[in-house]
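Chemist: Below is the structure I would like to discuss, written out as structure tokens.
No value in this document is a laboratory result; all are computed from the given coordinates. Remember, it's a predicted structure, so these values are computed and weren't measured experimentally. Positions of Cβ are generated from backbone atoms using ideal geometry, with glycine treated the same way; all protein chains shown enter the neighbour counts.
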Amino acid sequence: MHTFTYDALPGRIVFGPGAARRSLGDEVDAFGARRILLVAGGSATGPARDLCAPFADRVMAAFTEVRPHVPVETAERARSAAAGADLVLCVGGGSTTGTAKAVALTTGLPIVAVPTTYAGSEVTPVWGLTQGTRKTTGTDRRVLPRTVVYDPELTLGLPAALSAASGLNAMAHCVEAFWAPGRNPVSGAVAEDGIRHLAAGLPGLAADLAGADARTSLLLGAYLAGSAFAGAGSGLHHKICHVLGGAFDLPHAQTHAIVLPHVVAFNAADAPEAVARVAAALGRTDPAAGLHDLATELGVPAGLRELGLAEGDLDTVLGDILALAPADNPRTVTAENLAGLLHAAWTGTAPSRGTDA
């Protein structure tokens, strides 16, 4: 690729074990923030309050009503909670970051993000909101966190199943960078390194869930994955998962982990160079089958039906996905072959290179 466009996104990254405890106060101070909205939900709420203890007098409010896929009603309540704030601090996974982004989208407030999963949203300018059963996404520099503090210690409490699914969600960001509409050599190189770190870290979860080396590799891989996705954009895989997630409120990371091998198999024959690079970084001869096997080894549900999706539900969203499918996807997407891809992901049948649909 001799001609390309690459937008280098601004942002400060602080990475390392214990970084949140050591550095978060200084990073908040750098903004001169006096009235901070803390966004944290679920199991991250307690650790988030502990991290804020040194500057608790400046935390004007805490928004904890985080919901997957960021329903517009949740976004509106978070925006109301931000009235008078001069900084948003989010501690948690992708839904938490997404909620902070919803606030920044309309207020322009700066975000400091402290991820506790491998979502990658913290280094992208992509936002998403769900109204009813339809999820809408967009890109806006206002939602890009100004500073991200990555601390592997904060991921130690992440359960095995969620750790695996979240890591494979990060893997999807890397793989998609090779054929997304904005693909470029820079994002490809970042994605390739991201896959290597994720592939090194994921198997370690089964051996030692609290293993520091595996957690550090995964978090570094997630950062690289999000960066690659931010530069390359959203391709077929993400279009499928966003529609399914918004329509049926499916768990975000698990949906991505299940769908990914089938998209790789779908595109493989028409993107041989990309698939070869993914295979080399992953350390598997057949990346589609390898990703499926890795997910199975890590206990990720085999198919979308195990997430509660009915087979008939696929027909109701086929048209929505088809309308969003990128025109330059390596393989031309039709109603027939897309239906085959979705059915394979629903059943959880192990894909073989180039055979899906």
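Chemist: In debye to the nearest 20, how big a dipole does region 160-347 give about its Cα centre with +1 on each Lys and Arg Cβ and -1 on each Asp and Glu Cβ?
Modeler: The calculation lands at about 360 debye.
Chemist: Of the beta bridges DSSP finds with both residues in the chain, what % are antiparallel, to the nearest 5?
Modeler: DSSP beta bridges in the chain are roughly 25 percent antiparallel.
Chemist: Can you tell me how much longer the chain between Thr285 and Glu76 gets when fully stretched, taken as 0.36 nm per residue apart minus their C-alpha distance, in nm with one decimal?
Modeler: Answer, rounded to one decimal: 70.5 nm.
Chemist: So what are the three principal axis dimensions of region 217-357 from its Cα atoms, in whole Å, longest to shortest?
Modeler: Largest first, region 217-357 extends 37, 32, 28 Å along its Cα principal axes.
Chemist: Rg to Rh for region 168-252: what is it, with Cα atoms only and Rh by Kirkwood?
Modeler: Working: Rg = 13.6 Å, Rh = 13.1 Å.
The Rg/Rh ratio comes out at 1.03.
Chemist: Still on this model: Counting Lys and Arg as +1 and Asp and Glu as -1, each charge on the Cβ, what is the dipole of region 290-357 about the Cα centre in debye, to the nearest 20?
Modeler: 160 debye
Chemist: What is the order of Glu122, Glu306, Glu153, fewest Cβ neighbours within 10 Å to most?
Modeler: Glu306, Glu153, Glu122
Chemist: Then there's this: Hey, any idea what the orientation-averaged projected area of the convex hull of region 95-206's Cα atoms comes to, in nm²?
Modeler: On the way: hull surface 32.0 nm².
Quarter of the Cα hull surface area: 8.0 nm².
Chemist: Okay, moving on. Grab the other residues whose beta carbon is less than 15 angstrom from that of Phe55, score K and R as +1, D and E as -1, and report the net.
Modeler: Around Phe55, the charge tally is 0.
Chemist: Please work out how much length the chain gains when fully extended from Arg21 to Asp7, using 0.36 nm per residue of separation minus the C-alpha to C-alpha distance, in nm with one decimal.
Modeler: Full extension from Arg21 to Asp7 adds 1.9 nm.
Chemist: Let me know the charge dipole size of the chain about its Cα centre in debye, to the nearest 20, where only the beta-carbon of Lys, Arg (+1) and Asp, Glu (-1) is charged. Can you show the working numbers first?
Modeler: Numbers: 25 positive and 33 negative charges, 166 e Å.
Roughly 800 debye for the chain.
Chemist: What is the Cα centroid distance between region 233-309 and region 1-56, reported in whole angstrom?
Modeler: Here the answer is 29 Å between Cα centres.
Chemist: Quick one: what Rg and Dmax do you get for region 1-104 from the alpha carbons, in Å?
Modeler: Over region 1-104's Cα set, Rg and Dmax evaluate to 15.3, 53 Å.
Chemist: I've got another one for you. Taking Cα atoms of the chain, Rg/Rh with Kirkwood Rh, to two decimals?
Modeler: Here the Rg-to-Rh quotient is 0.96.
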